[in-house]
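Undergrad: For reference, the structure I am asking about is given below.
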Amino acid sequence: MADLRYHVDGELVPAEAAAVSVRDRGFVYGDAIFETLRAYGGDVFRWDAHADRLADSAEALSLDHGLSDPELKRRVDETLRASDLEDASVKLSVTRGVQSDALTPDPAVDPTVVVQVTPRPRGGVDSTSVWDEPATLQTVRTRRIPDESLPSRAQTHNYLNGVLARIELRVSDADEAVMLDGDGHLAAGATSTLFFVDGEALCTPSLDGPVRPGIARREVLDIARDEGIPVREGAFTPDDLRGAEEAFVTNTTWEVRPAETVDGIDVGGGPLTTLFQRVYDARVERDHYGGGDSGLRE
């Protein structure tokens, strides 16, 4: 922490000194949006997609922060350089700022913008994963919030839904919670997208349900199209996941992580999971380290 710098309201400060007002709506109400990004070789992976998703979150909350994508990207880049980091996780947060203590927000917004960074291993070919082992998944009672209550496309600081799901894992000591929607269909992990292979196609819950439009999710689906792998996005049951030939979870930090078990049932990765890992790594290598597809892992 001693060498890290965070970006807080336009200023670079030592991480240990970074602070926001206790009256900030992001603290008081969770009235804020964020993106978790991954930097490889000093630049952010799929910045444009993250910027679009942040804009969607802002629109969902009617949070007109007035900051351009280039300005936000500049603050991220400055934070990475000031912390002397090329490979890192980055959390970019935008709150509605300090306002009155009324629940109804003021129309005028003076946003609080914070960029935090965490060192990560080099990505790409022959990289070291941030996770040590394949994931163990456990279905939990906590259901995903329906879009009618809180749009799933909005990544907000109010993450209690996922927190409650992860608390349930204390009993099983699993790595990730499998969350269902109100009808009992698969929705998502607490912080990840669910994928599985059923023998005919790569399957993942549809965005028609309370499912976040993950950036790693989009990348996997793009890889599937390039590789000619059939994809089925739809409504699936926990039994579909438990009986899968292979399964994995994705997010920007984990990238592609095989699922070893689901509710104690062995599932594991497989040839398609390995393919997605290899191609994902090759894309990172090509786009951020100047490597080519010939660097695929064996």
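Undergrad: Being free of Cβ contacts under 8 Å to residues at least 60 places away in the same chain and on the phi > 0 side of the Ramachandran plot is true for just one of GLY228, GLY243. Which residue is that?
TA: Of GLY228, GLY243, the one residue that is free of Cβ contacts under 8 Å to residues at least 60 places away in the same chain and on the phi > 0 side of the Ramachandran plot is GLY228.
Undergrad: Also, I was wondering about something else. Please state which of the following conditions LEU137 fails to meet, knowing it meets all the rest: (1) part of a strand (DSSP E or B); (2) out of contact with any Phe, Trp or Tyr (no Cβ under 7 Å at 6 or more places or on another chain); (3) closer than 23 Å to ASP52 by Cα.
TA: Every listed condition holds for LEU137 apart from (3).
Undergrad: Here is a further query. Considering only region 115-142, how many residues are more than 20 Å from ASN251 (Cβ to Cβ) and either open to solvent by 40 Å² or more (accessible area, probe 1.4 Å) or touching a strand residue (DSSP E or B) at 6+ places or on another chain (Cβ under 6 Å) (or both)?
TA: 2
Undergrad: To continue, here is another question. Return the total of residues in region 67-94 being in a loop (DSSP other than H, G, I, E, B), touching a residue at least 40 places away in the same chain (Cβ under 8 Å) and over 21 Å from the mean Cα position of the chain (by Cα).
TA: Residues that pass the stated criteria total 3.
Undergrad: Please identify the pairs in which a residue from region 1-25 that is more than 15 Å from LYS91 (Cβ to Cβ) and open to solvent by less than 80 Å² (accessible area, probe 1.4 Å) has its Cβ atom under 8 Å from the Cβ atom of a residue that is basic (Lys, Arg) and part of a helix (DSSP H, G or I), counting only partners at least 6 apart or on another chain.
TA: Between residues of region 1-25 that are more than 15 Å from LYS91 (Cβ to Cβ) and open to solvent by less than 80 Å² (accessible area, probe 1.4 Å) and residues that are basic (Lys, Arg) and part of a helix (DSSP H, G or I), the close pairs are GLY10/ARG75.
Undergrad: When you scan region 221-252, how many residues do you find that are under 30 Å from THR156 (Cβ atoms), of a type outside the set (Gly, Ala, Ser) and out of contact with any Ser or Thr (no Cβ under 6 Å at 6 or more places or on another chain)?
TA: The qualifying residues number 9.
Undergrad: Considering only region 239-253, state which residues are open to solvent by less than 20 Å² (accessible area, probe 1.4 Å) and either within 28 Å of SER149 (Cα to Cα) or not in a loop (DSSP other than H, G, I, E, B) (or both).
TA: LEU241, GLU246, ALA247, PHE248, VAL249, THR250, THR252, listed by residue number.
Undergrad: Quick test for you: out of VAL279, VAL284, VAL256, VAL220, pick the one residue that is open to solvent by less than 10 Å² (accessible area, probe 1.4 Å), without any contact (Cβ under 8 Å) to a residue 60 or more places away in the chain and outside any loop (DSSP other than H, G, I, E, B).
TA: That would be VAL256, the only listed residue that is open to solvent by less than 10 Å² (accessible area, probe 1.4 Å), without any contact (Cβ under 8 Å) to a residue 60 or more places away in the chain and outside any loop (DSSP other than H, G, I, E, B).
Undergrad: Only one of these conditions is not met by ASP110: (1) of a type in the set (D, E, K, R); (2) assigned to a helix (DSSP H, G or I); (3) free of Cβ contacts under 8 Å to residues at least 24 places away in the same chain. Which number is it?
TA: If we test ASP110 against (1) of a type in the set (D, E, K, R); (2) assigned to a helix (DSSP H, G or I); (3) free of Cβ contacts under 8 Å to residues at least 24 places away in the same chain, just (2) comes out false.
Undergrad: Could you count how many residues in region 16-40 are within 22 Å of the chain's Cα centre (by Cα) and either part of a helix (DSSP H, G or I) or modelled with pLDDT under 95 (or both)?
TA: Residues flagged as within 22 Å of the chain's Cα centre (by Cα) and either part of a helix (DSSP H, G or I) or modelled with pLDDT under 95 (or both) within region 16-40 amount to 2.
Undergrad: Could you go through region 224-236 and let me know if any residue there is part of a loop (DSSP other than H, G, I, E, B), open to solvent by less than 60 Å² (accessible area, probe 1.4 Å) and within 23 Å of ARG120 (Cα to Cα).
TA: no
Undergrad: Right, ALA82: open to solvent by less than 20 Å² (accessible area, probe 1.4 Å), within 28 Å of ASP69 (Cα to Cα), modelled with pLDDT of 95 or more and not polar (S, T, N, Q) or not?
TA: Considered against the rule, which asks whether it is open to solvent by less than 20 Å² (accessible area, probe 1.4 Å), within 28 Å of ASP69 (Cα to Cα), modelled with pLDDT of 95 or more and not polar (S, T, N, Q), ALA82 comes out as no.
The values are calculated or read from the model by the stated rules, or taken from the named source; none is laboratory data. In this text, all values refer to a predicted model and were calculated from it rather than measured experimentally. Ideal geometry is used to build each Cβ from the backbone, glycine not excepted, and the neighbour counts take in all protein chains shown. For accessibility, only protein heavy atoms count, side chains too; no ligands or nucleic acids. Shrake-Rupley method; radii C 1.70, N 1.55, O 1.52, S 1.80 Å.
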